[in-house]
Amino acid sequence: MTDNLFQTYALNGTLSLKNRILMAPLTRCMADDELVPTQAMADYYARRAESGLIISEATIIRPDGQGYPNTPGLFTPAQIDGWRVVTDAVHKADGKIFAQLWHTGRVAHPHFYQSTGSSDVMAPSAAGVEGSVPRMRELTYQVPKAVSIEEIAQLVQDYAQAAANAIDAGFDGVEIHGANGYLIDQFLHHDSNRRTDEYGQAPENMSRFALEVVDAIAARIGNDRTALRVSPGAYFNMAGDNRDRAVFDYLIPELEKRDLAFLHIGIFDDAMEFDYLDGRASSYVRSIYNKTLVGVGSFTAETGSSAIAEDKFDLLAIGRPFIANPDYVELVRDGKALVEYSDEMLTSLV
């Protein structure tokens with residue numbers, strides 16, 4: 001019943017995946033205090049190299065992008081060297097791996113980058129969210145600063161540099177994190193983007209930053225090594241707005257023109273439905289995007305296989321079950337039982 005998961009798949013006609021099962025990006029907060037990947041992280045990823053493609057945990061592009069403790073970076077030589085140990089281990093195990101590039105935007109916290117001398121939190125608009133930093137609940141979110149046009153241009157450059165750093169570190173490509181309520185996603189939703197300049201109000205303006213980042217990275221490393229994750233349905237640190245539909249109605253066809261490696265839905269549970277999308281986020285995206293689409297969100301191997309057979313998406317990303325089962329692909333292939341995930345597993349890399 002899951003045979004189609006074990007078919008090879010060519011990303012954009014260039015990178016060949018040995019199966020259609022992707023390891024989804026999973027924030028583990030296990031880098032060292034300088035945000036350098038560790039040997040334990042290299043071992044962790046190498047054990048999961050049987051997946052068609054690993055998407056790394058979210059990796060910050062510059063210091064003020066950090067919103068969680070011990071999340072790895074890709075902006076210093078030591079971090080690049082640390083990631084090279086990881087990618088070497090994955091490639092030695094016959095795997096492939098993309099780096100997920102991340103800036104958390106208005107849910108960053110200056111506690112993590114106080115050594116830079118900056119106390120600013122960067123976002124499209126001065127519109128904050130209630131709450132506190134996961135794993136460090138004593139740190140509450142601040143009202144962000146609306147970034148200037150010049151600061152937006154610098155962010156675009158920093159995303160492109162992080163992509164170049166990823167290739168230098170041995171990654172096979174990058175996935176831009178444009179989902180789940182983080183910086184790029186904040187430009188795409190009216191709840192967080194209240195600008196009145198060329199980056200706000202109209203769908204083409206609200207899409208501008210995302211497309212500038214995509215274009216800068218594609219120009220730097222190639223469109224065939226550039227992917228993007230998006231969340232048309234606002235659900236995490238973000239309130240939905242009926243006007244958001246028009247933004248994604250504009251953005252997604254523009255992305256299709258760019259012939260990316262893939263587009264990846266950002267959702268915790270694909271059963272969630274959104275009135276302004278007329279149902280599930282994945283169904284909405286598939287209706288206007290005909291190139292490689294990655295589905296994710298509480299799928300089993302069986303339900304994911306069925307969704308691929310029904311052309312709901314092309315590749316299946318699996319998250320927490322990969323934490324519990326390093327050999328997830330082999331277990332599914334052999335029809336064996338999976339170990340059930342539990343939150344206690346988050347405290348160590350196995």
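The values are calculated or read from the model by the stated rules, or taken from the named source; none is laboratory data. Remember, predicted model here, so these are calculated numbers, not experimental data. Positions of Cβ are generated from backbone atoms using ideal geometry, with glycine treated the same way; all protein chains shown enter the neighbour counts. Areas reflect the complete protein model, heavy atoms only, side chains present, ligands, DNA and RNA absent. Shrake-Rupley method; radii C 1.70, N 1.55, O 1.52, S 1.80 Å.
At-a-glance table
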item	result
Close pairs from the stretch 333-350: first modelled with pLDDT of 95 or more and open to solvent by 70 Å² or more (accessible area, probe 1.4 Å), partner in a helix (DSSP H, G or I) and aromatic (Phe, Trp, Tyr), Cβ under 9 Å, at least 6 apart	Arg333/Phe6; Leu338/Tyr328
Conditions (1) in a strand (DSSP E or B); (2) farther than 30 Å from Glu138 by Cβ; (3) in contact (Cβ under 8 Å) with a residue 40 or more places away in the chain: number failed by Gly13	(1)
Unmet requirement for Leu263, which otherwise passes all of (1) free of Cβ contacts under 8 Å to residues at least 40 places away in the same chain; (2) surrounded by 19 or more Cβ atoms within 10 Å (Cβ to Cβ); (3) under 19 Å from Ala179 (Cα atoms); (4) over 18 Å from the mean Cα position of the chain (by Cα)	(4)
Pick from the stretch 290-324, criterion of a type in the set (S, T, N, Q) and assigned to a loop (DSSP other than H, G, I, E, B), ranking: modelled with the lowest pLDDT	Ser298
Identity of the residue in the stretch 1-13, over 22 Å from Asn223 (Cβ atoms) and of a type in the set (A, V, I, L, M, F, W, C), that ends up surrounded by the fewest Cβ atoms within 10 Å (Cβ to Cβ)	Met1
Selection from the stretch 192-201 of residues that are farther than 11 Å from Ala123 by Cβ and of a type outside the set (Gly, Ala, Ser)	Thr196, Asp197, Glu198, Tyr199, Gln201
Search result, residues across the stretch 292-307 that are buried (at least 19 other Cβ atoms within 10 Å of the Cβ) and of a type in the set (S, T, N, Q)	Thr292, Ser305
Number of positions in the stretch 287-301 that are more than 30 Å from Ala324 (Cα to Cα) and not polar (S, T, N, Q)	3
Members of the stretch 194-240 that are assigned to a loop (DSSP other than H, G, I, E, B) and more than 25 Å from Val294 (Cβ to Cβ)	Arg194, Arg195, Thr196, Asp197, Glu198, Tyr199, Gly200, Gln201, Ala202, Ala239
Qualifying position, being farther than 19 Å from Ala227 by Cα and touching a Leu at 6+ places or on another chain (Cβ under 7 Å), among Ala307, Ala301, Ala261	Ala301
Any hit, the stretch 58-65, residues being part of a loop (DSSP other than H, G, I, E, B) and in contact with a Phe, Trp or Tyr (Cβ under 8 Å, 6 or more places away or on another chain)	yes
Index of the failed condition, Ser16 passing every other in (1) of a type in the set (Gly, Ala, Ser); (2) surrounded by fewer than 22 Cβ atoms within 10 Å (Cβ to Cβ); (3) within 19 Å of Ala324 (Cα to Cα)	(3)
Residue list for the stretch 28-69, restricted to those being without any contact (Cβ under 8 Å) to a residue 60 or more places away in the chain and small (Gly, Ala, Ser)	Ala31, Ala42, Ala46, Ala49
Test result for Ser287, surrounded by 15 or more Cβ atoms within 10 Å (Cβ to Cβ), modelled with pLDDT of 95 or more, in a helix (DSSP H, G or I) and out of contact with any Gly (no Cβ under 9 Å at 6 or more places or on another chain)	no
Asp314 being of a type in the set (D, E, K, R) and surrounded by fewer than 15 Cβ atoms within 10 Å (Cβ to Cβ)	no
Selected residue [touching a residue at least 60 places away in the same chain (Cβ under 8 Å), more than 15 Å from Thr104 (Cα to Cα) and touching a helix residue (DSSP H, G or I) at 6+ places or on another chain (Cβ under 8 Å)] from Ala160, Ala123, Ala127	Ala160
Positions within the stretch 112-138 being in contact with a strand residue (DSSP E or B) (Cβ under 6 Å, 6 or more places away or on another chain), open to solvent by less than 10 Å² (accessible area, probe 1.4 Å) and closer than 17 Å to Ile61 by Cβ, in sequence order	none
Residue match in the stretch 149-161 (condition: within 15 Å of the chain's Cα centre (by Cα) and open to solvent by less than 20 Å² (accessible area, probe 1.4 Å))	yes
Test for Asp327: is it open to solvent by 50 Å² or more (accessible area, probe 1.4 Å) and either modelled with pLDDT under 95 or on the phi > 0 side of the Ramachandran plot (or both)	no
Residue that is least open to solvent (accessible area, probe 1.4 Å) [pool: residues in the stretch 70-100 that are small (Gly, Ala, Ser) and in a loop (DSSP other than H, G, I, E, B)]	Gly95
